[in-house]
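The values are calculated or read from the model by the stated rules, or taken from the named source; none is laboratory data. Predicted model, so just to flag it, every value in this text is computed and none were measured. Neighbour counts are summed over all protein chains in view; Cβ atoms, including those assigned to glycine, are modelled from backbone coordinates with ideal geometry. Note: areas computed on protein heavy atoms with side chains; ligands, DNA, RNA excluded. Shrake-Rupley method; radii C 1.70, N 1.55, O 1.52, S 1.80 Å.
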Amino acid sequence: MAEETPGVEPAKDYDQMVDWGKRLAREAPFFRDLFARVGVSRVVDVGCGSGKHAIMFAEWGHEVTGVDPSESMLAQARENAAAAGVGVRFVEGGFGELERLVGGGQDAVVTLGNGLPHVDGVRGLHEALRDFAAVLRPGGVVVLHLLNHGRLIDGRIRMMPAVLRETPEGDRVFLKVLDYVEDGIMFDFVTLTRAPDAAPSADNAFAYDDPGATGWHLRSRRSVHTALPVELLADALAGAGFDQVAAFGSHAGKPLDRAADESVIVVARR
């Protein structure tokens with residue numbers, strides 16, 4: 001196997017891994033209802049990635065700023081926004097920098113798609129939440145969406161379900177392998193790609209030492225995430241001045257089942 005897939009950017013990997021049509025259709029009613037109840041007009045999406053949520057919010061008529069530390073992700077986000085024909089302000093930055101980058105008076109701050117665990121430890125979490133509070137108007141809302149770390153840690157889960165996508169670059173398999181380290185969870189993100197013109201045969205399907213025969217190429221990267229079980233999030237939000245904290249196990253709004261739900265959505269008011 002080769003160690004990387006030529007010509008494919010990690011940001012593009014992300015857009016291909018996620019079925020955005022299904023995901024946004026599933027999540028949109030949750031955000032529409034919440035934004036209507038809070039009276040949201042200005043939204044900050046921190047850790048915006050390739051911008052898909054920010055673009056959806058802008059399509060609803062909101063003034064949206066997307067913030068991300070990765071220039072490659074921001075480039076993909078700008079490309080996606082241009083293709084959608086909407087205006088979103090995308091700026092480079094990370095947690096703890098919102099007050100400097102966007103100022104105050106925001107109605108909503110969201111961090112979605114497991115972005116929040118990239119904070120620098122528990123201290124970084126507290127800094128990020130204080131920064132969220134600083135840019136929100138009184139009564140504004142924060143939405144934190146991430147993997148349910150309580151379930152992962154309690155069960156010592158080692159792998160997330162694999163995802164297979166058919167793409168212009170060929171078949172792609174996305175894997176997430178987990179290891180547990182002090183105060184965190186280490187993710188190995190592995191992408192396997194088989195070129196369209198390199199279909200396997202019975203003779204070469206297992207010739208892993210010869211990428212030309214099998215057509216499979218491997219790209220991997222490693223990231224250590226701060227462990228953020230929901231109890232820690234609730235305490236940290238209260239410490240940053242938030243109240244009305246609620247935790248859900250899906251965008252249908254059902255209460256979180258800590259032992260069973262794959263993700264957690266935490267909503268709180270400034």
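A count restricted to the stretch 66-86 and to residues that are open to solvent by less than 10 Å² (accessible area, probe 1.4 Å) and either of a type in the set (Lys, Arg) or closer than 18 Å to residue 115 by Cα (or both) stands at 4. For the stretch 38-60, the set of residues classified as open to solvent by 50 Å² or more (accessible area, probe 1.4 Å) and within 15 Å of residue 106 (Cα to Cα) consists of 41, 42, listed by residue number. Restricting the stretch 110-132 to residues that are within 19 Å of residue 55 (Cβ to Cβ) and in contact with an Asp or Glu (Cβ under 8 Å, 6 or more places away or on another chain), the residue that is surrounded by the most Cβ atoms within 10 Å (Cβ to Cβ) is 110. I'm checking my understanding of the structure. Among residues of the stretch 176-206 that are at pLDDT 80 or above and under 13 Å from residue 216 (Cα atoms), which one is most open to solvent (accessible area, probe 1.4 Å)? So, considering only residues that are at pLDDT 80 or above and under 13 Å from residue 216 (Cα atoms), the one most open to solvent (accessible area, probe 1.4 Å) is 196. Scanning the stretch 133-173 for residues that are in a strand (DSSP E or B), more than 30 Å from residue 103 (Cα to Cα) and either open to solvent by less than 10 Å² (accessible area, probe 1.4 Å) or among the acidic types (Asp, Glu) (or both) yields 166, 170, 171, 172. Remark: pairs (first residue in the stretch 22-43, within 22 Å of residue 87 (Cα to Cα); second residue open to solvent by less than 70 Å² (accessible area, probe 1.4 Å) and hydroxyl-bearing (Ser, Thr, Tyr); Cβ separation under 9 Å; 6+ apart in sequence or on different chains) = 35/41; 42/65; 43/65.
Flag not set for residue 246, criterion: over 19 Å from residue 141 (Cβ atoms) and either at pLDDT below 90 or assigned to a strand (DSSP E or B) (or both). Looking only at the stretch 174-202, count how many residues are in contact with a helix residue (DSSP H, G or I) (Cβ under 7 Å, 6 or more places away or on another chain), part of a strand (DSSP E or B) and within 30 Å of residue 133 (Cα to Cα). Looking only at that region, the number is 1.
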